[in-house]
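Peer 1: Just dropping this structure here.
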Amino acid sequence: MKPILLKAGRVIDPACGIDDVFDVLIRDGEIEAVETFRKTPEGAVVIDVAGCWVVPGLIDPHVHLRDPGFPEKETIPSGLRAAAAGGFTAVAAMANTSPVNDTREITSYMIERAKETRATRLVPVSAVTRGLRGIEPVDFAAMIEAGARMFSDDGIPIDDPVILSRALEEISRLGFATSLHEEDRALSRDAALNAGEVSKRLGVSGMPASAESERVRRDLALAIGSGAAVHIAHASTAETFDLIRAARRHGARVTCEVAPHHFALDESAALTWGPNAKMNPPLRNRDDVEAVNEAIRDSTADMIASDHAPHDPKSKQMESLAGYFGPGHEPPRLDHELADTFAHAANGIVGLETSVGIALELVHRSLIQPARFVELMSLNPAALLRLEAGMLAIGAAADVTVIDPNLDWIVEPQKFLSKSRNTPFAGRRLKGKAILTLVGGQIVYDGRKG
Ligand SMILES: [Zn+2]
């Protein structure tokens, strides 16, 4: 493999304190140098990246690859190719597959399948409890030995506080993090959307913001009491961030992630996109969206996670519902039967191929600086997952993302490499995109041809 010289890009690496124009030399899969070369090193392939950002490979700490179990939605190969196209060099794959990733065999299968794909790295997330049933813990040490780097029953909250606190302490003692899907199901009741104007207008069931914050409150109390580390997945309400700020003052070891859809869209997106704007936690009202943006600005939010959740049209109930929604017209109030169908549409949207473009809106709006973008999308997720990544250190594996921050493009779901198309961002004009993704010095995505 020939050495690669990424020529004259803006290298942004907050961990190394770099934000300047340099060349990056990659040899034998590693970063060999970050400097300015007067002449091209012997045999190197030069890639001119002037005007682009060269950043440590982006890491998504929360994706669903649906493999094993749901090949009609996504597979490890399709998901990892979508990740590479989105600029990610590593993604943490959640455990709610079928079978659930609660055994070493499933973890090994995921790692093997990812290796064969030769795209983005897959970081396995183990279930906390067997079958995600919230009762019996998995063998944490065995799962770590098999390659798991985080624990989560994501998709389902862990209702029993005794089982959760024991698990948190044990996982923390082993040096790993637990990612929590925060939902009080007595309050959320499988509702279709956020409780508010939009759910009323559509005539569908609504879940209150308190369904999230009530559970966050409990789990932060557990974290303060035990000293165990907790990670709050897809934080989406104003109160959640207030609770996190307060818990940190009380010494809690808490990190949290936010999803692009929660800072870029409010609940009104459901009026246009119907089930393709339905996820859990749901899109919130404007005050909550404002609070997510403020949490990004003031560093309450540590990282951005797509919560990439591919679904086929049938799971989204599109056959019965698609006709009522779409850009440019107001949907009717749904009758009882249709409202029920809406509530049964699967939760989640795809996000791997839009995450960078949406996150760059934060930079273009001057809410954050480019270095903070890199912290949110690489450095901090690397720390959460205990990966030796998130920086362009000399001698480190060459996981690198090249971003053209000014590339204008329009989201066209039919062009996604993901197997699924369920997104409320279709047709959105974005500025900025990953144009080159390298994993271990190998180009796994090259979007330079447009
Ligand atoms: Zn979740």
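Laboratory data are not the source of any read-out in this text; all were calculated from the coordinates shown. Here the structure is a predicted model, which is why all the values come from computation and not from measurement. Don't worry about glycine lacking a Cβ; one is built from the backbone with ideal geometry, like all the others, and counts go over all protein chains shown.
Peer 1: In whole Å, how far is the Cα centre of the stretch 271-344 from that of the stretch 1-24?
Peer 2: Result: 38 Å between the Cα centres.
Peer 1: Under a plain spin-label model, where a point goes 7 Å from the Cα along Cα-to-Cβ, how far apart in nm are Arg297 and Glu319?
Peer 2: Distance between the two pseudo-spin positions: 4.7 nm.
Peer 1: Taking the Cα centre of the stretch 218-274 as the origin, how large is its charge dipole in debye, to the nearest 20, when only Lys and Arg (+1) and Asp and Glu (-1) carry charge on their Cβ atoms? Show your work: numbers first, answer last.
Peer 2: Values: 5 positive and 6 negative charges, 77 e Å.
Computed about the Cα centre, the dipole is about 360 debye.
Peer 1: Can you give the calculated 222 nm mean residue ellipticity of the chain, where each DSSP H run of n ≥ 4 adds -39,500 (n - 2.57) and the sum is split over every residue, rounded to the nearest 500 deg cm²/dmol?
Peer 2: Details: 16 runs with 138 residues, N = 450.
After summing the helix terms and dividing by the residues of the chain, the value is -8500 deg cm²/dmol.
Peer 1: Compute the long axis of helix 210-226 from its Cα atoms, compare it with the longest principal axis of the Cα atoms of the chain, and write down the angle in degrees, 0 to 90, nearest 10.
Peer 2: 60 degrees
Peer 1: How much length is gained on full extension from His250 to Ile18, taking 0.36 nm per residue of separation minus their Cα-Cα distance?
Peer 2: Numbers: separation 232, 0.36 × 232 = 83.52 nm, distance 3.32 nm.
Taking 0.36 nm per residue and subtracting the Cα distance, the gain is 80.2 nm.
Peer 1: Grab the Cα-Cα distance for Glu112 and Glu388, subtract it from 0.36 nm times how many residues apart they are, and report the gain in nm with one decimal. Working shown, then result.
Peer 2: On the way: separation 276, 0.36 × 276 = 99.36 nm, distance 2.01 nm.
Stretched out fully, the Glu112 to Glu388 stretch lengthens by 97.4 nm.
Peer 1: Mind pulling the angle between the C-alpha long axis of helix 286-297 and the longest principal axis of the chain? Nearest 10 degrees, somewhere in 0 to 90.
Peer 2: Tilt relative to the chain: about 30 degrees.
Peer 1: If one computes P(r) from the Cα atoms of the stretch 60-387, what percent of pairs lie at distances over 37 Å? Walk me through the numbers before you get to the answer.
Peer 2: On the way: 5727 of 53628 pairs.
Value for the stretch 60-387 (Cα pairs over 37 Å): 11 percent.
Peer 1: Can you sort Thr401, Thr272, Thr423 so the residue with the fewest Cβ neighbours within 10 Å comes first? Present the calculation step by step, with values, prior to reporting the outcome.
Peer 2: Working: Thr401 28, Thr272 19, Thr423 22.
Exposure proxy ranking, most exposed first: Thr272, Thr423, Thr401.
Peer 1: Across the stretch 60-387, how many lysine pairs, 8 or more positions apart or on different chains, have C-alpha atoms separated by under 28 Å? Please give the number.
Peer 2: So the count of such lysine pairs works out to 9.
Peer 1: Please identify which residues in the stretch 311-355 have an amide N closer than 16 Å to a label point set 7 Å out from the Cα of Glu197, following the Cα→Cβ vector.
Peer 2: Zone members listed by number: 330-331.
Peer 1: Can you tell me what share of the DSSP beta bridges in the stretch 60-387 is antiparallel? A percent to the nearest 5 is fine. Walk me through the intermediate numbers first.
Peer 2: Numbers: 1 of 23 bridges.
Roughly 5 percent of the beta bridges in the stretch 60-387 run antiparallel, per DSSP.
Peer 1: Can you tell me how much longer the chain between Ile163 and His336 gets when fully stretched, taken as 0.36 nm per residue apart minus their C-alpha distance, in nm with one decimal? Don't skip to the answer; put the middle values down first.
Peer 2: Details: separation 173, 0.36 × 173 = 62.28 nm, distance 3.81 nm.
Working it through step by step, the gained length comes to 58.5 nm.
Peer 1: Now for a separate question. So what J values fall out for the stretch 354-359 if you push phi through Karplus, 6.51 cos²θ - 1.76 cosθ + 1.60 with θ = phi - 60°, rounded to Hz, Gly and Pro as x?
Peer 2: Computed from phi, the couplings for the stretch 354-359 are 10, 4, 5, x, 5, 5 Hz.
Peer 1: Here's another thing I want to ask about it. Roughly how many whole Å is it from the C-alpha centroid of the stretch 361-382 to that of the stretch 192-253?
Peer 2: That distance is 23 Å.
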